[in-house]
Amino acid sequence: MQVALVGLGVMGKNLALNLIEKGITLVAYDKNPHAGEELLSCAKSQGMADRLHIVSDLRDMVRRLEAPRSILLLVPAGELVDTVCNELVEAGVNCDDMIVDCGNSNYKDGITRKLKYQNKFEFATMGISGGAEGARHGPAMMASGSEGGWERIEPWFEKVAASYNGDSCFARVGQSASGHFVKMVHNGIEYALMQLIAEVYQLLRLGTNRSPKEVAEIFNDWSEGQLNSYLLSISSHILSLENHNNVPLADLIDNKVGAKGTGLWTAQNALELGIAVPSLVAAVQARHLTNACNTTAAQEMTYASKSTNNVEIDLEELKEAFLLASLLAYRQGLALIKGASRTHQWKVDLSKTLQTWRAGCIIRADYLDSVAQGVEFIDTLEKESNSLRKITGQAIMTGLAFPVLGATQTYLATLTTPSNGHLVQAQRDYFGEHGVKTHSGETCHLTDLVDIDAKVR
Ligand code: 6PG
């Protein structure tokens, strides 16, 4: 099998080594010649250089590949994807060939590109998760697109991806550019889980006066059971680290959080589609808020900054609350994928989606098996629901900030307790005559309800 790869940055280089290791012959290119040299020397040191051909331009790449060609792009999302696609067309790529965009591209660009290039080559998309380590030893691969080109390379990518209980974490999750949508939502969930862990840490650190090392031990303890997840275990490791003066490394890092955009896209798409993902949105805004601290406006509100640091937190309840809040982050993400799939007619397979997340990716977690069992699992978690409510209440009473915990408790409560929507509908009708619906499904105005009620009496 022969594949080409354009873009030999950290992800590209590691994926290249993985592809070669699995027996694929690779033709690789990067506009920076040093990147190619570095890959070659890595491949040599691992005894795999015979299956690697570094080329110095795209024409040479196209010439060396047997038709039909399969070309992977691992270049930064945005205009560069189009630049490379156009250069590849000039270099001789044609309708029988497939180009797969493997970056963190916006799925909307994927839809546009599928149309734009339909007479030039087959354009497909694939979201890849797992960072450098995943790319090298087995990432999660969320692919989408038409049958043609994928059928050629799919069996190989099933080997390149991570595997869980013998099943590959590569899947064509749905049609069109749905792979990038699924990867985008993966990142939205990633933001929520990261923030949730940070909030639990904050509660234990500032609310109960524990040191980072003590919190690391609690996280480590949890990781040995059902809560085991990649993000929890790296958090435990990070919190256990100290410099040579015994200062926790976590205390040496500025609080402002960066973002490349996928979390924001998740929130924007959810709002546009009218699908509520409050925990995911809260996580994006939590990052934005870290950049608003220490501004003049924030400093003027210092009266609100007093927080308590002696709450009695039951660790078992915290663990249960954390488990349920984590599960609810996935539930929201899956609801968003389901809604988008319906709107765009992508036919996304949710169980295949979950299969790609079982190993290799950033949001892999042992408790994903219960998510896979379906959304009904939440009904079985009464104890956890009570703990989530109690812990959220205690957390908020400390005066510290818990955006994702608070949003998640609100999400659960909204779905499981009487709604107050009737009053908002009545308000809308009162000033805007937008109409209200009665319990029997009849549409009318508030004023009509007076008559209906009179008739009933
Ligand atoms: C992954 C990660 C990866 C990357 C994100 C981080 O699945 O491997 O999600 O895609 O680390 O781009 O995004 P932010 O910079 O926005 O946190």
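Read the figures in this text as sums done on the coordinates, not as results from a lab. A quick note: this is a predicted structure, and the numbers were derived from the prediction, not measured. Glycine gets a Cβ as well: all are built from the backbone with ideal geometry, and neighbour counts include every protein chain shown.
Per-residue Karplus couplings for the range 154-164, computed as 6.51 cos²θ - 1.76 cosθ + 1.60 with θ equal to phi - 60°, are listed in order as 3, x, 6, 5, 4, 7, 6, 6, 5, 9, 10 Hz, Gly and Pro entered as x. As a rough guide to protection, the peptides 8-16, 362-370 ranked by mean Cβ packing within 10 Å, highest first, stand as 8-16, 362-370.
Centre-to-centre separation between the Cα atoms of the range 44-106 and those of the range 146-170: 19 Å. Stretching Asn386 away from Leu241 to a fully extended chain increases their span by 48.8 nm, per 0.36 nm per residue minus the current alpha-carbon distance.
Of all GluC sites (Glu not before Pro) in the range 34-133, which ones are in loop regions per DSSP and have a Cβ with at most 15 other Cβ atoms within 10 Å?
Glu66
As a rough guide to protection, the peptides 143-149, 153-159 ranked by mean Cβ packing within 10 Å, highest first, stand as 143-149, 153-159. For Ala28, the residues whose modelled amide H falls within less than 5 Å of its own, excluding neighbours fewer than 5 places apart on the same chain, are Leu5, His53, Ile54, Val55.
Partners of Lys108 within straight-line reach, counting aspartates and glutamates whose Cα lies under 20 Å from its Cα and excluding those fewer than 8 residues away in the same chain: Glu79, Asp82, Glu122, Glu272, Asp349. Highest-first packing order for the peptide set 228-235, 333-340, 277-284, 433-440 is 277-284, 333-340, 228-235, 433-440, based on the mean count of other beta carbon atoms within 10 Å.
Backbone geometry of the range 392-406 corresponds, through the Karplus equation with coefficients 6.51, -1.76 and 1.60 at θ = phi - 60°, to 3J(HN,Hα) couplings of 4, x, 4, 4, 4, 5, 6, x, 7, 9, 9, x, 7, 4, x Hz, x marking Gly and Pro.
Compactness of the chain is given as radius of gyration and Dmax, 25.3, 88 Å, from Cα positions. Length available on full extension from Thr414 to Thr443: 0.36 nm per residue minus the Cα-Cα distance, which gives 8.1 nm. What the phi angles of the range 130-143 give under the Karplus curve with 6.51, -1.76 and 1.60, with θ = phi - 60°, is a coupling list of x, x, 4, 4, x, 4, 6, 10, x, x, 8, 10, 9, 9 Hz, glycine and proline written as x.
Over 31 Å apart at the Cα level, from the set Lys13/Lys352; Lys44/Lys260; Lys319/Lys437, are Lys44/Lys260; Lys319/Lys437.
How many angstrom lie between the Cα centre of the range 399-453 and the Cα centre of the range 233-271? Cα centres, the range 399-453 to the range 233-271: 37 Å.
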